[in-house]
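First comes the structure, then the notes that go with it.
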Amino acid sequence: MILSPLDWVIVGIFFMVLLSIGYAASFRAGTNTTNFFLSGRNMPWWLLGVSMVATTFSADTPNLVTDIVRSEGVAGNWLWWAFLLTGMLTVFVYAKLWNRSQVMTDLEFYELRYSGKMAAFLRGFRALYLGFFFNVMVIASVSLAFIKIAAVMLGLQPGVALIIASVIVVFYSSLGGLKSILWTDLFQFSFAMFGAVIAAVYILGSPEVGGLSNLLAHPNVSDKLSLVPSISQPELFVSIFLIPIAVQWWAVWYPGAEPGGGGYVAQRMLAAKSESHAVGATLLFNFFHYALRPWPWIIVGLASLVVFPDIASMVERYPDVPVQYIQNDFAYPAMLREFLPAGLLGLVVASLIAAYMSTTASQLNWGSSYLVNDFYGRFYKPEATETEKVSFGRFSTVALMVASVLLALVLQNALQAFQYILMIGAGTGLIYILRWFWWRINAWSEISAMIAAGTFSMMFILIENFAMLRLEGGLVDVFGFQTSMSYWNVIKLVGTVALTSATWIVVTLLTSPVDDATLRSFYTRIRPGGPGWRAVVDQAQKEGVTLTKEQDLRWDVPTGILCMILGTTMIYSLLFMTGNLLYANWGTAILLGGTAATSGYLLTRYWSKLRMS
């Protein structure tokens, strides 16, 4: 047995507390779909914000960060740090718009914004694509991390571990819906964050690592500490910093960082009791996600380079674990097993199980909401009662979990799944940003974007598999063109984004616009304002129709963008202030702290100028 009896007692207590919270919060959750999927639309900002960050804090997240740190150094995290720009744009521009829409899911938006059969097709197709296929991929990737934790720390076979965890997740998520998930998320995030910090502190103090100063001076670590890749290394600078910060954040659709908001983030914004609570929730989420969480995982990732300098050393240390599971992301659970004592090991294992369950439960409820509201209730059985919809929601929750477990057993590492998801969503982000503010975008715009993103992504994948020759020195040859693998990845992303964006823009201009009645209804409900809707407003005025009194007020999107910039500056400053404190760069840390305080003060001044209820 890897865990001691004390460890198992701690894990058992965790499960009992979790199930008790989920059951206590479940009352009245099954009365209708609004309660089951949106908790009655009366949730406070702090609970929703914590739930968002708990959902993004899965068991695979520390594994992914460890993989990035070992492969690319600390600066490699710009692959996901860049999405802060997306998050802050959602906070100050889109959160209140989503709350105003009062839709059940973000897919219902399609028939609010667009018209005709293609709007209905788009809603139904994406309900199946995102609600089932894409969602299964995401849950499978986090289940893969749980498999590795179970193999290293619980001594359980992958199938057994997933079945046990899945039964518990399905029980409380299907019983109480979003309300149970929100309250269990609060408990699980607190527990998971505590476990991550304790693990990092204890591993740093181990004799093998020898404290923070020895870790930072170790030759396996010292060249991986930069927070931003040096411009003197143009390959790294372009691939892991410049492209993510210049293109990826607005161009790529990724769960939890959707341009314009979407998915489970939109679900939480729709569950908020007011526009201001929706904004507060998404701001708290971004603060926790980027400024608070990364460093404990980064520290463990760096320490793993001292103990396990390469994959071969982990294979040698764990001969009983299938080789397919031992990649760079395997180092995180391996470090926990190597150094944590009885009692503390059980606490950290429980915290990782908490992280896995919070993400899985949210993904299940979110995916089920699509299948129920945007497919079953909209197309398959429009006359279904609320009780029938909730029953189907519970059934689809089980089906999603079963499919995800099966897929998880064939994946290999967390970074692999992360890169596939980025490629699938490449090029679609811009349309999700502009569709709120440019009347000309229609259902064909989004359909063409989806088709183009899938087609061009597949094109680059086929080229990589069949036309690429891997040369010595990390170079690759594509149709006689030689470059590095890093630059090839940049070409894939930028190429997919450019081709996809050009496709949907051309299709938009060549197809008929949305009908006037739908455009006017959308404008009246959402009140987006701005020059992108001027043609619609002017035409209505010519016909003697006043769309809304809000058109006479100042358009506050520029103020929202200013708040986005200030909020981004504040959170990045806090993130790098923490890093410089750990590196003992006191002067830089003080300067960043001052920048964060100044940005935060200015943010409060301009935030109050945004129009919100």
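The values are calculated or read from the model by the stated rules, or taken from the named source; none is laboratory data. Here the structure is a predicted model, which is why all the values come from computation and not from measurement. Methodologically, a virtual Cβ is constructed for each residue, glycine included, from the backbone with ideal geometry; neighbour enumeration extends over all protein chains shown.
Some observations on this one:
- Filtered residues of the stretch 230-285 (kept if among the hydroxyl-bearing types (Ser, Thr, Tyr) and either free of Cβ contacts under 8 Å to residues at least 60 places away in the same chain or under 14 Å from LEU97 (Cβ atoms) (or both)): SER230, SER232, SER274, SER276, THR282
- Taking the criterion of being hydrophobic (A, V, I, L, M, F, W, C) and either farther than 28 Å from SER608 by Cα or over 23 Å from the mean Cα position of the chain (by Cα) (or both), the residues of the stretch 105-117 that qualify are LEU107, LEU112.
- Selection within the stretch 456-495 - in contact (Cβ under 8 Å) with a residue 24 or more places away in the chain and over 20 Å from GLU235 (Cβ atoms): PHE456, SER457, ILE461
- Residue pairs meeting the criteria (Cβ under 6 Å; at least 6 apart or on separate chains; first of a type outside the set (D, E, K, R), in the stretch 377-391; second at pLDDT 85 or above): PHE379/GLY124; ALA384/GLY377
- Residue list for the stretch 272-325, filter: within 30 Å of GLY49 (Cα to Cα) and aromatic (Phe, Trp, Tyr): PHE285, PHE287, PHE288, TYR290, TRP295, TRP297
- Of all residues making up the stretch 315-329, the number that are closer than 15 Å to SER71 by Cβ, modelled with pLDDT under 85, part of a helix (DSSP H, G or I) and of a type outside the set (Asp, Glu): 0
- Of the residues making up the stretch 548-567, at least one is polar (S, T, N, Q) and closer than 25 Å to GLY429 by Cβ.
- When SER190, SER232, SER213 are screened for being of a type in the set (S, T, N, Q), surrounded by fewer than 18 Cβ atoms within 10 Å (Cβ to Cβ) and not in a helix (DSSP H, G or I), only SER232 passes.
- VAL372 meets the conditions (1) crowded, with 24+ Cβ neighbours inside 10 Å; (2) in contact with an Asp or Glu (Cβ under 8 Å, 6 or more places away or on another chain) in every case but one. The failed one is (2).
- ALA312 assigned to a helix (DSSP H, G or I), aliphatic (A, V, I, L, M) and surrounded by fewer than 20 Cβ atoms within 10 Å (Cβ to Cβ): yes
- Selection of the stretch 446-467 for residues being in contact with a Phe, Trp or Tyr (Cβ under 8 Å, 6 or more places away or on another chain) and loosely packed, with under 15 Cβ neighbours inside 10 Å yields only ALA467.
- Restricting VAL497, VAL476 to those that are surrounded by 15 or more Cβ atoms within 10 Å (Cβ to Cβ) and at pLDDT below 80 reduces the list to VAL476.
- Residue in the stretch 92-100 that is outside any helix (DSSP H, G or I) and in contact (Cβ under 8 Å) with a residue 60 or more places away in the chain present: no
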